[in-house]
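The block underneath contains the structure these notes are about, expressed in structure tokens.
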Amino acid sequence: MAGTKLERSTHQGIYERIRDDITFGHLLPGERLTEIKLSGMYQISRSPIREALRQLQSDGLIRFERNKGMEVTKLSIEKVAEIYDVRALQEGFAVRISIEHLDAEDIRNLTALHKALIAAAGNRDMRQWIDKNSAFHAYFRDKAGNETLNQLILMLKRRTFIYQRMSLSFDRYYDVYIDQHANILDACRNRDHDRAELAMRTHVMATKQAVVENLSMTLDSRA
């Protein structure tokens, strides 16, 4: 039993390391991945690498192509835009229905997360921002009390995990996101369902704009 727990812990740890390396651009879209290559990179046996790759493939972060093997997923600008469009609808709805379940302690917790995001933005700490931003958004998913909605949001979020850092490629977006989070929080505090839903949709669409802008510039530079 102890061995099984250790194996799961090792598998989860290497999964998170590869996932983060994809997120922060150490492993690039379209880059070939093999068990041997990753085993050497992370100095770990191939068994947990194999399990991590299965999970990453399920998340949509890597894909298998016949005659090519595994590679980091590379989505078109159009596909990325489509995913963010749907995420805006889903996350907006999650905020709307979560309001009925938010109490004073929840508002304090969300306010604390918002302050942590302000600090991360001030320091231009991308890792800290992504961590606290994920927690801010997850709060509404969890409080919505709709497991189907939660799973749908997570599925699409995993598909765009690789693009999170692109949403912060331009410093001006930190201030935009801070203002939008404040608007979401204020709408929740005042139990304004319509405003909260619209504020979250607007926020996700701003993220989409930043990512699409970054991808467009990247493609232009390669032309």
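Would you mind finding the longest exposed-site-free stretch of the chain, with exposed chymotrypsin sites (Phe, Trp or Tyr not before Pro) meaning DSSP loop and at most 16 other Cβ atoms within 10 Å?
25-169
At a Cα cut-off below 19 Å, give the aspartates and glutamates reachable from Lys132, other chains included and same-chain residues fewer than 8 away excluded.
Within reach: Glu16, Asp20, Asp21, Glu91, Glu105, Asp106, Asp142, Asp171, Asp175, Asp179, Asp186.
By a straight-distance test (C-alpha under 19 Å), which lysines pair with Lys68 as possible cross-link partners, with residues fewer than eight away in the same chain excluded?
Here the lysines satisfying the reach criterion relative to Lys68 are Lys37.
Trypsin sites (Lys or Arg not before Pro), restricted to region 131-223: which are DSSP loop and have at most 13 other Cβ atoms within 10 Å?
In loop regions of region 131-223 (DSSP not H, G, I, E or B), the sparsely surrounded trypsin sites (Lys or Arg not before Pro) are Arg191.
Tabulate in residue order the Karplus-calculated ³J(HN,Hα) for region 81-97, using 6.51 cos²θ - 1.76 cosθ + 1.60 with θ = phi - 60°, rounded to whole Hz; enter x for Gly and Pro.
4, 4, 5, 5, 4, 6, 4, 4, 5, 5, 6, x, 5, 4, 5, 4, 7
Only counting other Cβ atoms within 10 Å, I'd like His114, His101, His11, His203 sorted with the fewest neighbours first.
Values: His114 16, His101 12, His11 19, His203 22.
In increasing order of surrounding Cβ atoms, one gets His101, His114, His11, His203.
Roughly speaking, what is the centre-to-centre gap between region 147-223 and region 67-87 when only Cα atoms are used, to the nearest Å?
Cα centroid to Cα centroid, the span is 17 Å.
With an 8 Å Cα cut-off and a minimum separation of 6 or more residues, compute the relative contact order for the chain in percent. Mind showing how you got there, number by number?
On the way: 234 pairs, mean separation 54.4, N = 223.
Here the relative contact order equals 24 percent.
So what is the 222 nm mean residue ellipticity for the chain from helices alone, if each DSSP H run of at least 4 adds -39500 (n - 2.57) and you divide by all residues, rounding to the nearest 500 deg cm²/dmol?
When only DSSP H runs of four or more count, the value is -25000 deg cm²/dmol.
DSSP loop (so not H, G, I, E, B), at most 16 other Cβ within 10 Å: list which GluC sites (Glu not before Pro) in region 1-98 pass both filters.
Passing both the DSSP loop test and the Cβ count: Glu31.
Computed from the coordinates by the stated procedures, all read-outs in this text should not be read as laboratory data. In this text the structure is predicted, and so the values were computed from the model without any measurement. Methodologically, a virtual Cβ is constructed for each residue, glycine included, from the backbone with ideal geometry; neighbour enumeration extends over all protein chains shown.
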